[in-house]
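These notes are about the structure you will find just below.
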Amino acid sequence: MGVSRETPGAVSRETRPAWQPRTAADVAAQDNEFQDQTTPLAQAAQHSVLARTGGLRRQGVPRPDATRVLVVANQKGGVGKTTSTVNVAAGLAQLGQRVLVIDLDPQGNASTALGVDHHRGVPSTYDVLVDGRPLVEVVTECADLPGLWVVPATIDLAGAEIELVSVVAREQRLSRAISAHPLVGSAAEVGDDRFDYVLVDCPPSLGLLTLNALVAGREMFIPIQAEYYALEGLGQLLETVEMVRQHLNPNLVVSTILLTMYDARTRLAAGVAEEVRGHFGDQVLKTAVPRSVRVSEAPSYGQTVMTYDPASAGALSYLEAAREIATRGAPA
């Protein structure tokens, strides 16, 4: 009897598992509004035109009845957390939603990707958390994407955790700031000018900044890299979520899981996808984001991939992920 020499994670062309995340080609191929079904490339080109001309706003993604606050967190670095935050936010804005991104990471990478100034001295999340400055005074509109606003982070935020230690109700500072914003609330309270989504980009740690976000949010959005290392710290993250639910924010739920850096050619990615899907079920988005050079290049130009290269596989995937989040609606 022969012994298999195939190594784990090797490229395989065997039958895929029953559940398979959708790729950018799958997304392009299912566009019913596009009449030429001969090539996904042509459909990707059509998406590029729609994105650049604002045509995606006419595709009828419903606005939520009240502002949805999503906390994007994962204590493991390099899983695509900030990349997912800015590109999903951009995708939602392209689909006609009004979106606010709060950069809570001292590195300020989300601010960089959205083309917002975030040098020291710029009004930022530090002023909101430490000095109690109203959130409305530090919001900046994104120049490239109508309907998208940003609260930038500066390097000052690195010292915020130490400065907040002695502050009363220190873990509720962000929650109160968001609730006090005049454009956060229900349609009946605020009207059509309300923010539909608030996405909070957390640092890659489970410190006081991330705790502020978990207390402020109603939903948790976890990007997971399609590799086994990315699963190792997930248990600790879920334990923290449960602790927050028990003591600080009983309404917090894990509503969205997004697989990032997905390579459909490998058994490893398929195995991780199956394991995540088996544990989280329908919380996992059907669309997975592939590895993409264009996604990595975009921040160096101060852009998201949605504006840098709307026809790329990464842009198509993030747009579909945004569409899924919008059509699913808020958890009950």
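The values are calculated or read from the model by the stated rules, or taken from the named source; none is laboratory data. Bear in mind that the values here come from a model prediction, so they are computed numbers and not experimental data. Counting neighbours? That spans all protein chains shown, and the Cβs are built from the backbone with ideal geometry, glycine included.
Observations
- Residue among GLU242, GLU297, GLU227, GLU275 that is touching a helix residue (DSSP H, G or I) at 6+ places or on another chain (Cβ under 8 Å), without any contact (Cβ under 8 Å) to a residue 24 or more places away in the chain and not in a strand (DSSP E or B): GLU297
- Hits in region 219-252 (condition: within 15 Å of GLN75 (Cβ to Cβ), under 20 Å from the mean Cα position of the chain (by Cα) and of a type in the set (A, V, I, L, M)): MET220, ILE222, ILE224, ALA230, LEU231, LEU234, LEU237, LEU238, VAL241
- If the condition is being of a type in the set (Lys, Arg) and either touching a Leu at 6+ places or on another chain (Cβ under 7 Å) or at pLDDT 90 or above (or both), then region 272-301 contributes LYS286, ARG294.
Listed here are the residues, each with its yes/no results for (1) within 15 Å of PRO123 (Cα to Cα); (2) in a helix (DSSP H, G or I); (3) touching a strand residue (DSSP E or B) at 6+ places or on another chain (Cβ under 7 Å).
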{"site": "ASP144", "(1), (2), (3)": "no, no, no"}
{"site": "LEU157", "(1), (2), (3)": "yes, yes, no"}
{"site": "ILE162", "(1), (2), (3)": "no, yes, no"}
{"site": "GLN172", "(1), (2), (3)": "no, yes, no"}
{"site": "LEU199", "(1), (2), (3)": "no, no, yes"}
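- In region 134-188, the residue that is surrounded by the most Cβ atoms within 10 Å (Cβ to Cβ) out of those that are free of Cβ contacts under 8 Å to residues at least 12 places away in the same chain and charged (D, E, K, R) is ARG176.
- So PRO204, is it in contact (Cβ under 8 Å) with a residue 60 or more places away in the chain, within 18 Å of THR83 (Cβ to Cβ) and part of a loop (DSSP other than H, G, I, E, B): yes
- Qualifying residue in region 120-130 (condition: assigned to a helix (DSSP H, G or I), of a type in the set (S, T, N, Q) and touching a strand residue (DSSP E or B) at 6+ places or on another chain (Cβ under 9 Å)): yes
- Members of region 250-272 that are without any contact (Cβ under 8 Å) to a residue 60 or more places away in the chain and of a type in the set (S, T, N, Q): ASN251
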